[in-house]
Amino acid sequence: MNKNWRGYIFSREIGKQVVPQRVQNLVIRTCAERHGLTYLLSATEYYMDDCYMMLKSVLDELGQIEGIIFYSTHQLPSDTNERMKIYDKVLNSKKGLRFALEDLALFDEKDVKLIEDLKFCNELSAQAIDLDSYQESLN
Amino acid sequence: MPLVTEPTIYNADEANVIDQFLKTGYIIFPVEDLNSLAKIRSNLYENAVKALELDSPPPESDFFDNAQKFILPEYLNEIRLGLIDKLNKNPDNAALFYSLAKNHLGWIVGNEMAIQRSYNLGIQLPKDSSSILPLHSDVWSGNSPYEVVLWTSFVDCHKTKSMYLLPLKENQKIISNFQKYSSMTAEEIFSEVEDKVVWLEVPYGHVVIFWHGLLHGNRINEEEKSRWTVNLRFKGLLTPYHAKELGEYFMPLTIRPITRIGYQYKKPKI
């Protein structure tokens, strides 16, 4: 069985944090080792906002690999339709996605539901005012 | 004087729990489903006996209190980590732990919740200094203040076999006067508050919910028997997260239908 998984890292912020690419790759490498997968050198997304050119290239490569290991679910596009297109392409190719930081995988519709739950809950909770901002607003 | 003054909103049990939690920051109560607790403990027993390769294991009722007879301190952490792995891999555990305190969590946290992904198992053998957790507040080290810990014990806990915490009012004094303590070690702060901390008396069949912003920790277990506990965090699903994020550290436990419908709602276009 083909166990080659392509890493996918960012050169822009991930969830409002800049994560060094070396750290992203280390987390992906550990994930691959834990699951007995062969880790292929990561594709690095361009730094421009909402740019997914490299991801699209990797998706075109799905015929030769088993799937893509993202550093985190936070790298998925914020646009729901764009995400759905990615899931459809991966599932129709009978391949998978992994998210190294969260140690989650996406292989079927049930996994899509969980990842989507995470996306929208993260988005909603990020809109809740945090304690520091609240206290600053009182001053 | 009760802090909750809206009896028409909360029933008596709920009002009592909320009132006590607002006063102290913690509550100890009988588990809501004793069968679930028994099931968790049986699984833990079976896994521990297997991990320790015991030829003639003691009955479950004797095992946990007397674990010091079967576990050498130098192997304690290895055994503990192996058992945590088993806890994490059992998909039934989230529902089992939740059922221990479903109503209380609902009253204190809410009914849309996230649950910690990893179970923290603590084993404190008598006189063992390797498992001391110095005085700390989880909120000072990356957890958000919108979280509680469900502390589940598999033995009777009392005195140094248990954990201690600093109740809410005393805790607030430390926070509001933090500069005084900021250059102290955890041990020095403990000395300052030692006479004010509460050692939790938790018989088997009871659990604790506490706000992990309270200063808490444990000392060397000076009692004769071992302590076995699991701590697990819960928080409002849509409340702010800090360094422990949804997905990486927490997972959604309950999402109500109207939240899904609301999130997916699209404003009609003309």
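The values are calculated or read from the model by the stated rules, or taken from the named source; none is laboratory data. Every value quoted in this text rests on a predicted model; they were computed, and no experiment measured them. Here the Cβ positions follow ideal geometry from the backbone for every residue, glycine too, while neighbour counts run over all protein chains shown. Note: areas computed on protein heavy atoms with side chains; ligands, DNA, RNA excluded. Shrake-Rupley method; radii C 1.70, N 1.55, O 1.52, S 1.80 Å.
When you work out D = kT/(6 pi eta Rh) for segment B:36-123 at 37 °C and 0.692 mPa s, using the Kirkwood radius from C-alpha pairs as Rh and the Stokes-Einstein form, the result is 227 µm²/s. Averaging 1/r across all pairs of distinct Cα atoms in the protein assembly as shown and inverting the result yields a Kirkwood radius of 23.8 Å. Rounded to two decimals, the Cα-based Rg/Rh of segment B:12-264, with Kirkwood Rh, is 0.97. For chain B, the longest principal axis of the Cα atoms and the long axis of helix B:12-24 meet at an angle of about 70 degrees. Take every DSSP beta bridge whose two residues both sit in the protein assembly as shown, then give the antiparallel share in percent to the nearest 5. Taking every DSSP beta bridge with both residues in the protein assembly as shown, the antiparallel ones total about 75 percent. What does the net charge come to around residue B:24 if you take all other residues with beta carbon closer than 13 Å to its beta carbon, with K and R at +1 and D and E at -1? Its environment carries a net charge of +1.
Across segment B:154-168, computed HN-Hα scalar couplings (Karplus, 6.51 cos²θ - 1.76 cosθ + 1.60, θ = phi - 60°) run 9, 9, 6, 10, 7, 6, 6, 6, 9, 10, 10, 8, 9, x, 3 Hz from first to last residue, x flagging Gly and Pro. Over 32 Å between Cα atoms: which of A:113/B:161; A:3/B:86; B:69/B:196 fall into that group? Among A:113/B:161; A:3/B:86; B:69/B:196, the Cα-Cα distance tops 32 Å for A:113/B:161; B:69/B:196.
The Kirkwood radius of segment A:4-138, taken over pairs of alpha-carbon atoms, gives through the Stokes-Einstein law at 20 °C and 1.002 mPa s a diffusion coefficient of 138 µm² s⁻¹. When both segment B:210-257 and segment B:175-197 are represented by their alpha-carbon centers, they are found 23 Å apart. Could you give the distance between the Cα centres of segment A:1-51 and segment B:46-80, to the whole Å? After rounding, the separation between the Cα centres reads 40 Å. Here segment B:180-233 was treated as a single set of alpha-carbon atoms; its pair distances binned every 10 Å from 0 give 15, 47, 31, 6, 0 percent. To the nearest 10, the accessible area of residue B:192 is 80 Å² with a 1.4 Å probe. Counting Lys and Arg as +1 and Asp and Glu as -1, what is the net charge of the other residues whose Cβ lies under 13 Å from the Cβ of residue B:137? Here the count lands on -3.
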